[in-house]
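K.L.:
There's a structure below that I have some questions on.
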Amino acid sequence: MNKFTSIILGAAALSLTAPAAFAADAERNDRLYDASGSSIAKVNRVADDGDVLVIYKGKVRRVQAETLTKTDGKLVTSLTKKEIRRLK
């Protein structure tokens, strides 16, 4: 295996783990806030793909990693409470 092959394999491996790395800031028991800044729930679990699972309104909801950011040390989703209520 030459250098070029190693670089390509490394880049491919990095692209496969990018979504999980994006939301790697999310941890169990972090408080999740919605788009308006209202508290939703504590994170119950962080999935391998970076999605977080919370218990909201008595049901487990899976919030996609693509909607998550860390803002001022808080875990925030771009979704509203109404949109979170519709998640499965």
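K.L.:
Please go through the range 70-86 and pick out each residue that is surrounded by fewer than 12 Cβ atoms within 10 Å (Cβ to Cβ) and assigned to a loop (DSSP other than H, G, I, E, B).
P.N.:
Start the filter on the range 70-86 by keeping residues that are surrounded by fewer than 12 Cβ atoms within 10 Å (Cβ to Cβ), which leaves 71-73, 82, 86.
Those that are surrounded by fewer than 12 Cβ atoms within 10 Å (Cβ to Cβ) and assigned to a loop (DSSP other than H, G, I, E, B): Asp72, Gly73.
K.L.:
Of the residues Lys57, Lys81, Lys70, which is free of Cβ contacts under 8 Å to residues at least 60 places away in the same chain and under 16 Å from Glu27 (Cβ atoms)? Working first, answer last.
P.N.:
Details: Lys57 fails: under 16 Å from Glu27 (Cβ atoms); Lys81 fails: under 16 Å from Glu27 (Cβ atoms).
Just one listed residue meets the conditions, Lys70.
K.L.:
Another question, then. Of the residues Thr5, Thr17, Thr67, which is at pLDDT below 90 and surrounded by 13 or more Cβ atoms within 10 Å (Cβ to Cβ)? If you could, list the steps in order and put the result at the bottom.
P.N.:
Details: Thr5 fails: surrounded by 13 or more Cβ atoms within 10 Å (Cβ to Cβ); Thr67 fails: at pLDDT below 90.
The match here is Thr17.
The values are calculated or read from the model by the stated rules, or taken from the named source; none is laboratory data. Worth saying up front: this structure is predicted, and the values here are computed from it rather than measured. Don't worry about glycine lacking a Cβ; one is built from the backbone with ideal geometry, like all the others, and counts go over all protein chains shown.
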